[in-house]
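Below is one structure, written out as structure tokens; the observations come after it.
The values are calculated or read from the model by the stated rules, or taken from the named source; none is laboratory data. Owing to the predicted nature of the structure, the values given are computational and were not obtained by experimental measurement. Heads up, the Cβs are rebuilt from the backbone with ideal geometry, glycines too, and the neighbour counts pull from every protein chain shown. Note: areas computed on protein heavy atoms with side chains; ligands, DNA, RNA excluded. Shrake-Rupley method; radii C 1.70, N 1.55, O 1.52, S 1.80 Å.
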Amino acid sequence: MGPRLGKRLLFWVPLFLLFLLALPLAAHAATQVEVTGLVVNLRAGPGTDYPVVGQVSRGTRLVVVGEARGWYNVALPDGRRAFIAGWLARPLEEAVPSRGITAREDKPVSSPAAPPNSVEVTGSVVNLRAGPGTDYPVVGQVSRGTRLVVVGEARGWYNVVLPDGRRAFIAGWLARPREEAISSRGGEERLIPSALAGKKIALDPGHGGSDPGAIGPTGYQEKGFTLAVARLLAAELRSRGAQVLLTRDRDVDVGLYARAAMANDWGADVFLSIHADASFNSSARGISTWYRREGATAEDRRLAQCLQEALVKELGLADRGLFTANFVVLRESSMPAALVEIGFISNSDEEALLRTPEFQARAAKALVDGLERYFSS
Ligand SMILES: [Zn+2]
């Protein structure tokens with residue numbers, strides 16, 4: 001054995017041993033992952049060129065059955081398989097020690113008398129039903145470890161929100177309150193309740209149906225942008241325990257008076273109308289937030305300010321400031337109301353941004369932050 005070969009072995013042998021040590025750890029770490037992206041696409045294969053087969057929201061746990069090219073192959077609650085990008089999910093074993101301040105703020109907590117804000121499924125595979133009893137039809141299934149937001153309780157069953165926003169019931173003896181799960185780990189965490197828990201938020205995606213709203217230089221339509229942001233925002237708000245009303249959840253016509261009336265009848269705490277701006281001046285750019293001109297309250301203005309600041313901070317576009325207007329949806333709604341204009345679809349740079357799912361998710365995150373700040377002060 002020459003000196004050069006000896007040196008080489010000195011380098012490679014420990015490296016190989018390290019590799020052997022790391023191998024079972026890595027395999028073990030990936031038995032379950034938790035979704036870290038706000039709303040993440042599930043795909044048919046390990047890459048963004050494969051078709052989208054579903055979506056999951058932050059906090060969802062998925063059982064891992066394999067890995068390929070940096071993507072996890074996961075089993076969905078209904079038994080189907082799909083792939084999720086490795087950089088948008090983290091191995092669950094890491095979730096506990098690495099939980100930081102943001103994760104704490106994500107986890108609502110409630111008084112012992114009230115129903116828990118969320119439960120964790122304890123049965124291996126559990127039916128979700130349309131009502132609180134085994135005589136109601138099965139509407140889906142969840143697997144052990146799945147976390148569900150609770151919106152009510154009836155006859156020993158939890159009424160829960162699914163990641164796609166639908167409601168269902170799960171038997172109380174097959175799920176345990178999340179607070180219990182956390183304190184039994186040693187109670188080292190102090191949980192801060194989300195200011196959004198229990199709040200009723202009316203979201204109004206602008207335009208729709210025969211009304212495309214403004215249309216960008218390459219043809220992107222405002223109605224598509226507003227609906228995409230509203231859907232992402234609704235999922236995120238519900239995951240934090242808020243109740244959400246969408247004035248439209250599809251590409252349909254809804255009158256302006258009907259939008260305000262829906263929020264009024266429902267008894268919303270706030271009304272948020274989502275739009276993108278447009279101008280004949282193709283260089284006009286940036287974000288503005290509007291509130292009612294007649295009879296505006298301090299709360300109207302504070303809501304607008306919280307939303308505007310959060311949007312500018314998160315999206316980094318120009319800050320055009322706050323404005324008042326006599327828009328029907330602002331005038332006719334009977335609670336604090338704001339209308340956000342998130343960038344100019346008539347500006348080719350901003351149109352290109354607006355059409356990306358990444359920008360839409362960041363806009364939704366900004367609006368969550370703005371609403372959370374509004375409700376926490
Ligand atoms: Zn508009």
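Some observations on this one:
- Qualifying helices (runs of 4 or more DSSP H) (wholly inside the range 284-375; at least 3 residues being out of contact with any strand residue (DSSP E or B) (no Cβ under 8 Å at 6 or more places or on another chain)): 298-315, 348-354, 357-375
- Filter pass, residue 364 being open to solvent by less than 30 Å² (accessible area, probe 1.4 Å), more than 16 Å from the ligand (Cβ to nearest atom) and either under 24 Å from residue 234 (Cα atoms) or outside the structural domain of residue 55 (by TED's automatic domain parsing) (or both): yes
- Of all the residues in the range 149-175, those that are closer than 19 Å to residue 34 by Cβ and either modelled with pLDDT under 85 or assigned by TED's automatic domain parsing to the domain that holds residue 34 (or both) number 6.
- Count of the range 64-76 residues, restricted to those that are more than 18 Å from residue 48 (Cβ to Cβ) and open to solvent by 50 Å² or more (accessible area, probe 1.4 Å), is 1.
- Hits in the range 139-166 (condition: small (Gly, Ala, Ser) and open to solvent by less than 40 Å² (accessible area, probe 1.4 Å)): 140, 143, 145, 152, 154, 165
- Selected residue (only one of 283, 348, 279, 377 is closer than 27 Å to residue 195 by Cβ and either outside the structural domain of residue 263 (by TED's automatic domain parsing) or among the polar types (S, T, N, Q) (or both)): 377
- Count of the range 204-227 residues which are aliphatic (A, V, I, L, M) and more than 14 Å from the ligand (Cβ to nearest atom): 0
- Restricted to the range 258-296, and to residues there that are among the aliphatic types (A, V, I, L, M) and within 12 Å of the ligand (Cβ to nearest atom), the residue that is nearest to residue 307 (Cα to Cα) is 274.
- Residues located in the range 229-283, provided they are over 21 Å from the mean Cα position of the chain (by Cα) and either part of a helix (DSSP H, G or I) or surrounded by 23 or more Cβ atoms within 10 Å (Cβ to Cβ) (or both): 256, 257, 258, 259, 260, 261, 262, 263, 264, 265, 266
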